[in-house]
């Protein structure tokens with residue numbers, strides 16, 4: 001929410017930190033996909049490396065064989081992808097198959113065909129997928145895309161640091177008092193117990209656990225001007241200002257900064273998603289674990305997000321594109337993506353491929369608990385602007401230079 005990862009930013013697998021890849025015919029779309037009888041389709045997707053491109057081409061082959069089509073893969077790096085997709089939308093020249101992150105679904109809703117009425121002909125059953133991410137890819141009741149991946153935000157922690165400090169490993173049922181006590185004991189010198197990120201992802205799970213609220217209401221409105229949000233924001237600010245268990249936030253805060261500080265061993269805990277777990281275990285010099293959100297006044301809750309593939313409203317052959325879309329997330333595709341570590345499958349029956357294929361069985365108990373406790377991460381059509389302003393004003397607020405009320409007023413203005 002991978003990426004994602006700059007994120008797979010905000011949970012979209014495919015990473016914005018990588019150098020831009022060559023875009024092959026990205027301006028394509030219905031005008032280049034042939035007549036309605038053509039079996040040639042185009043698919044636009046972000047990617048961060050040659051290995052990712054190869055993986056997506058394999059998925060394209062699986063979907064092509066399943067649908068009787070030939071799918072041409074087109075790509076761009078994470079940040080470039082959204083810029084190019086915006087330009088394509090303005091010109092009406094999108095690819096036949098379009099990838100979208102759930103957090104950005106409201107922004108691009110007008111580009112997509114509603115897949116809901118087509119599911120039966122596509123051979124797709126909604127119950128095969130995690131309901132949270134499926135719902136997150138719906139806007140105003142319209143199913144924009146079929147999900148291929150998703151994940152709940154959880155606590156990443158440095159197992160080695162916990163062991164050396166004589167602390168019990170955080171487990172299901174641990175509380176926010178336990179979290180704060182551990183963070184205090186793990187804070188020594190320039191090493192802190194927690195990294196307090198400036199992005200909404202780092203804070204919303206705490207607001208969920210403390211008060212059961214997201215930043216966006218169920219009817220799609222940004223609303224952090226509430227007593228519940230003031231309480232959570234002041235508590236979070238105190239982790240830096242009063243408790244001093246988190247370092248002052250850097251001026252250019254991002255999810256990538258939080259991940260990097262954790263992997264460097266500068267913070268013993270961090271909020272992140274499963275898309276980061278394989279890389280964290282492979283690159284950290286310490287043993288990495290994941291824990292559920294610590295229990296607050298509303299329990300242990302979090303949000304989940306992910307990405308999926310939809311059919312452009314401009315696709316010339318809607319039926320074929322819909323069948324190909326189903327192929328991109330069929331059992332073979334999802335099993336491959338899970339086993340290769342490219343995605344935590346949105347198809348529930350294929351999630352075991354991620355655990356077994358990557359030696360992550362020790363994470364399953366926490367993942368199961370947090371998936372069950374998660375709500376789909378709600379956003380607005382202006383979420384990019386909200387996210388940018390949140391990041392901008394969170395830094396002085398959480399560093400103690402401004403107060404929470406000022407932060408709320410400045411971010412809420414984006415509504």
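Bear in mind that the values in this text are calculations on the coordinates, not laboratory data. Since the model is a prediction, treat every value here as computed from it, not as a measurement. For neighbour counting, all protein chains shown are included, and Cβ atoms are generated from backbone atoms with ideal geometry for every residue, glycine included.
If we sort 145-158, 121-134 on the protection proxy, mean other Cβ atoms within 10 Å, highest first, what's the order?
Values: 145-158: 28.4, 121-134: 17.1.
Highest to lowest by the protection proxy: 145-158, 121-134.
Give me the percent relative contact order of segment 118-188, please, defined on Cα pairs under 8 angstrom at least 6 residues apart. The partial results should precede the final answer.
Working: 25 pairs, mean separation 11.7, N = 71.
Answer for segment 118-188 is 16 percent.
Just to be sure I understand, if you calculate volume of the Cα convex hull per residue in Å³ for this structure, which of (1) 128; (2) 144; (3) 120 do you get?
(3)
What ranking do 276, 99 get, fewest neighbouring Cβ atoms within 10 angstrom at the top? All intermediate terms of the calculation are to be shown ahead of the outcome.
Details: 276 27, 99 23.
Fewest to most other Cβ atoms nearby, the residues stand as 99, 276.
In terms of the Cα gyration tensor, with a ≥ b ≥ c the square roots of its eigenvalues, is segment 311-415 rounded because a/c is under 1.5, prolate because a/b exceeds b/c, or oblate?
Taking the square roots of the gyration eigenvalues as a ≥ b ≥ c, segment 311-415 is oblate.
When the chain is fully extended, how far beyond the present Cα-Cα distance does residue 218 get from residue 65, taking 0.36 nm per residue of separation? Mind showing how you got there, number by number?
Numbers: separation 153, 0.36 × 153 = 55.08 nm, distance 3.95 nm.
This chain segment gains 51.1 nm when fully extended.
Hey, what number do you get for the chain at 222 nm if only DSSP H runs of n ≥ 4 count, each worth -39500 (n - 2.57), divided across all residues, to the nearest 500? Before the final figure, lay out each step's value.
Details: 17 runs with 167 residues, N = 415.
Calculated from helices alone, the mean residue ellipticity at 222 nm is -11500 deg cm²/dmol.
Give me the extension gain from residue 51 to residue 185: residue separation times 0.36 nm, minus the current Cα-Cα distance, reported in nm with one decimal.
On the way: separation 134, 0.36 × 134 = 48.24 nm, distance 4.07 nm.
Taking residue 51 through residue 185 to full extension adds about 44.2 nm, to one decimal.
Sort 387-400, 291-304 by the packing proxy (mean of other Cβ within 10 Å over each peptide's residues), most packed first.
Descending mean neighbour count gives 291-304, 387-400.
At a threshold of 8 angstrom on Cα-Cα distance, excluding pairs fewer than six apart, so keeping six or more, what relative contact order does segment 305-395 reach in percent? Walk me through the intermediate numbers first.
Details: 59 pairs, mean separation 14.9, N = 91.
Contact order relative to length: 16 percent.
Given R₀ = 51 Å, FRET efficiency for residue 287-residue 140 by Cβ-Cβ distance, to 0.05? Write down the numbers at each step before the final one.
Working: r = 45 Å, r/R0 = 0.88.
Once the sixth-power term is evaluated, E becomes 0.70.
Please state the shape class of segment 156-238: rounded when a/c is under 1.5, otherwise prolate if a/b exceeds b/c and oblate if not, all from the C-alpha gyration tensor.
Prolate, because a/c is 1.5 or more and a/b exceeds b/c.
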